[in-house]
Amino acid sequence: MAAPASLQSKQWSCASLAAGNNHLLQVKSEESRQRQADLEARKKAIQAEIEAIQQEERQLEPVPEVPEVMDELPASAKRMPPNSTKTTPVKKLAVVKKRREGEVPGVRKGYAMVDARLRRLCEKKPSGKLNVPQDIHNMWLAGGHSRDNLRALLEKFEFDKDGWESYIKDAVAYCKKHGLVKSLGWLVQALEAKIQAAQAAFDTFVECRSQVSCRDAIRQARVTRNPSKGLQRLAAVPLKKSETGAHQTFKAFGQSLDLKISRVDLVSKSRFPYVSLSDWLKYVVENDSLEQIVGVKDLQDMQPLLTTFWSRFRFSHPHHKMYDPLESGAPQHHSMTIPIVMHGDEGRGRKKKQITILSWMGLLGRGSSRCSGSGSSGDPEPVCSLNLLGSTWLTHFLHSVLPVGLYSNQPEALDEVFALQARELATLFYDGVEIGGRVFYVACVGVKGDVPFLTKCGGFIRSYTRKPTAKSSRKAGVGICHLCCAGKEDFEYPVPFEELGVEHPSWLSTVGLEKPYSSDPPYALVPFERDGTDVGKLYRFDIFHNLHLGLGKSFVSSAVCMVLELCQGMSIGAAFGKLSEDFRRYCVRNSESPYHKTLKASLFGVHTGFKECPDGAWSKGDYTRLLLEWFGDYCSREVGGRTDDPVYLLCAEATDAINEYMSGLHHENLFIKSNRTIYLGRKGLQFLLNYSKLAQLTFQRKQRRFPLVPKAHYLHHQFLDLVRQGERGPWTLNVLAFANQMSEDFVGRPSRLARRISPMTSSLRVIQRAFLAVRNALCNEDGSCKSGKL
């Protein structure tokens, strides 16, 4: 269908139009004469156009530049096709009807309406403000064909300014992709800068909105000049209701998760907010995000993976209720039962006050940095991978946030939240939840966290806080471990927790013999072991806190201080300088970025004198890993073959053993074959045995080195369990499945959000801002548009 004659009379380019505009603006008298001539020509053109419409019953075609790409544009760009079925206001329909019936007065009225709309859009306000780019304003001033094209395109979109600019945005993207920028002519180039600036401003706001004050966001929206409906609505939110109104706006425009926040009454707070596990599961399944829970995207891949998981998990936990045929209501469809782990820890909130973050995560994931989840080519079963990759906003799911004020004076409030989780876990285990015509079940296989959190949620009598601090006391020690009676001084035979590194310690026979609590803890409702005697096994020890932030720090601090003695003829400062230089060269060779680049006495806790017991002053667990790897390399060059002192040789052997143990775990998947499991477990036991010998030798030399702490006993449990499970069956669960390094990263994220909001409403606001952060993480991962509908 041909374009009207008034629009075909002239072709142009951006350069020629700009030159013409400049000439017209510079010569005022000539401009007036030309404008009068154009007015007469336009009246004749309008009459000719009306007659063409009456005869052919057709609408006005687009401007000459647009048709040559309209047929190629994607569907998203064709927002307003000529035969659009979009509902048109009655007033506009009347105008269009009068034009088609040939009533000249109606046409003139409709044309005047278009001119008025165009004038309001393009004219300069009394304040000097422009609602359109300067180029568009100049074209409107020029009149003639320039204004005809502006009017035609605006009328094509039925006077919808937002639809007009949305079309231009999509057309620009398409033409850039296909090298057709020039074919869109002056209109695309004029509007492109404005649209990009508005989009960039909003994208920046989207990325940081979870970490800024809602009042600041509203103020920013009020001064932002762009056509976004979302920001206009955000700007209308009253500052006194900034949080509520802002989050309602985010949710309405798809910038937050459409997820229900449930409520429950606690002893210290009514209507306490939380996100239930079933609601999270529904959201994940309905939004095709299964990969965040089980490591695979499709349901067809999930079912054989879960079947494989439960068949191998049985070798480590043969008494789990999943395998009890007499257990009433236990899920029989292993392929639809998702294993998860509960986690909790205290973060640092506003004014450095504690804030407890409770969350959960899937046991299955996409592997680790050293093992991406690939199995052997001859293994017909799916590969079960660790969950140590990806953004923790996506692999961890926030349940609730408790400021310390809610449970400091009333600790039962925390127990009520634990009981709430346990009841829901029991419901999901026995009844499941129906999603999309299928029933999904959930089985909790562990509760993890640091030792203080496990002691708190388990209500343990025997814990690390009960370790002996003197040679003797009036009251016998009750023990330091919830799994066994190690450290219990009034037991029928000696069970010292300091007995390390042996495969048959004296406390082994006391495992599960006595309950570690006086009354059942809230998590006792979670379906776990069917015999009921090993409920303590639900609470998992964490190798991250026990080694990297525990015994590993003590060992490497003491070992480095011992090796300093080999630097003969040097002062302490010069000896540390020599080690620092070697440490820096090692980091350069292995492309490491250390948190502390210089090794000095204060870093190892001996700045007041070498008579003190060394204690690492760093707070990063990964720094312990780096120091252990460097120290093993240093000992291979500077210790081996240069001394016969058993202390130095034991330091080198212990370092090699623990490095091989940790490297071996990270190169394995979720399940490890039995022969490999036994080998790695005995490497860990060798480390503990050498550590025990070093403590004894340095004690005999009257040196305060290698302290014996409860975390050494907890590591003994983990190392020994690997050996025993490897002897029991062909597969063993990797202890990294319950490591906390990723969970520690997650706890820091809501904690940072809590430091930016009022502590009075942090339980709710942290969840709402977490929804914003999760939505952003999803967009960043799949590459979708950050700005969504806004």
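The values are calculated or read from the model by the stated rules, or taken from the named source; none is laboratory data. These figures come from a predicted structure and were not determined experimentally. We place every Cβ from the backbone using ideal geometry, glycine too, and count neighbours over all the protein chains shown.
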For this session: Output the residues belonging to the range 236-279 that are closer than 23 Å to GLN410 by Cα, outside any loop (DSSP other than H, G, I, E, B) and out of contact with any helix residue (DSSP H, G or I) (no Cβ under 9 Å at 6 or more places or on another chain).
Result: ARG263
For this session: Please determine, by comparing only the residues of the range 594-627 that are among the aromatic types (Phe, Trp, Tyr) and not in a loop (DSSP other than H, G, I, E, B), which one is nearest to ALA559 (Cα to Cα).
Result: PHE604
For this session: Consider GLU660 carefully, then state whether it is within 33 Å of the chain's Cα centre (by Cα), under 27 Å from ILE572 (Cβ atoms) and in a helix (DSSP H, G or I).
Result: no
Problem set entry | Some residue of the range 408-416 being surrounded by fewer than 22 Cβ atoms within 10 Å (Cβ to Cβ), touching a strand residue (DSSP E or B) at 6+ places or on another chain (Cβ under 8 Å) and under 30 Å from SER335 (Cβ atoms) | no
For this session: Say whether the condition of being under 20 Å from PHE528 (Cβ atoms) and modelled with pLDDT of 90 or more is met by at least one residue in the range 487-497.
Result: no
For this session: Considering each residue of the range 754-775, count those that are under 23 Å from SER270 (Cβ atoms) and part of a helix (DSSP H, G or I), and give that number.
Result: 14
For this session: Taking the residues in the range 740-766 that are buried (at least 18 other Cβ atoms within 10 Å of the Cβ), out of contact with any His (no Cβ under 9 Å at 6 or more places or on another chain) and of a type in the set (A, V, I, L, M) as candidates, determine which candidate is modelled with the lowest pLDDT.
Result: ILE757
Exercise. Assigned to a helix (DSSP H, G or I), in contact (Cβ under 8 Å) with a residue 12 or more places away in the chain and either more than 19 Å from VAL723 (Cβ to Cβ) or not assigned by TED's automatic domain parsing to the domain that holds LEU389 (or both), is that true of LEU697?
Worked result: yes
For this session: Find the residue count for the range 119-133, including only residues that are in a loop (DSSP other than H, G, I, E, B), modelled with pLDDT under 80 and surrounded by 10 or more Cβ atoms within 10 Å (Cβ to Cβ).
Result: 3
Exercise. Among (1) surrounded by fewer than 14 Cβ atoms within 10 Å (Cβ to Cβ); (2) within 29 Å of ARG350 (Cβ to Cβ); (3) not small (Gly, Ala, Ser), where does PHE453 come up short?
Worked result: (1)
Problem set entry | Residues of the range 634-652 that turn out to be without any contact (Cβ under 8 Å) to a residue 60 or more places away in the chain and crowded, with 18+ Cβ neighbours inside 10 Å, as a count | 2
Exercise. Hey, among the residues in the range 688-730 that are among the charged types (D, E, K, R) and within 41 Å of the chain's Cα centre (by Cα), which one's farthest from HIS482 (Cα to Cα)?
Worked result: ARG705
For this session: Examine the range 446-453 for a residue that is under 25 Å from LEU733 (Cβ atoms), acidic (Asp, Glu) and either over 23 Å from the mean Cα position of the chain (by Cα) or at pLDDT 90 or above (or both), and state whether such a residue exists.
Result: yes
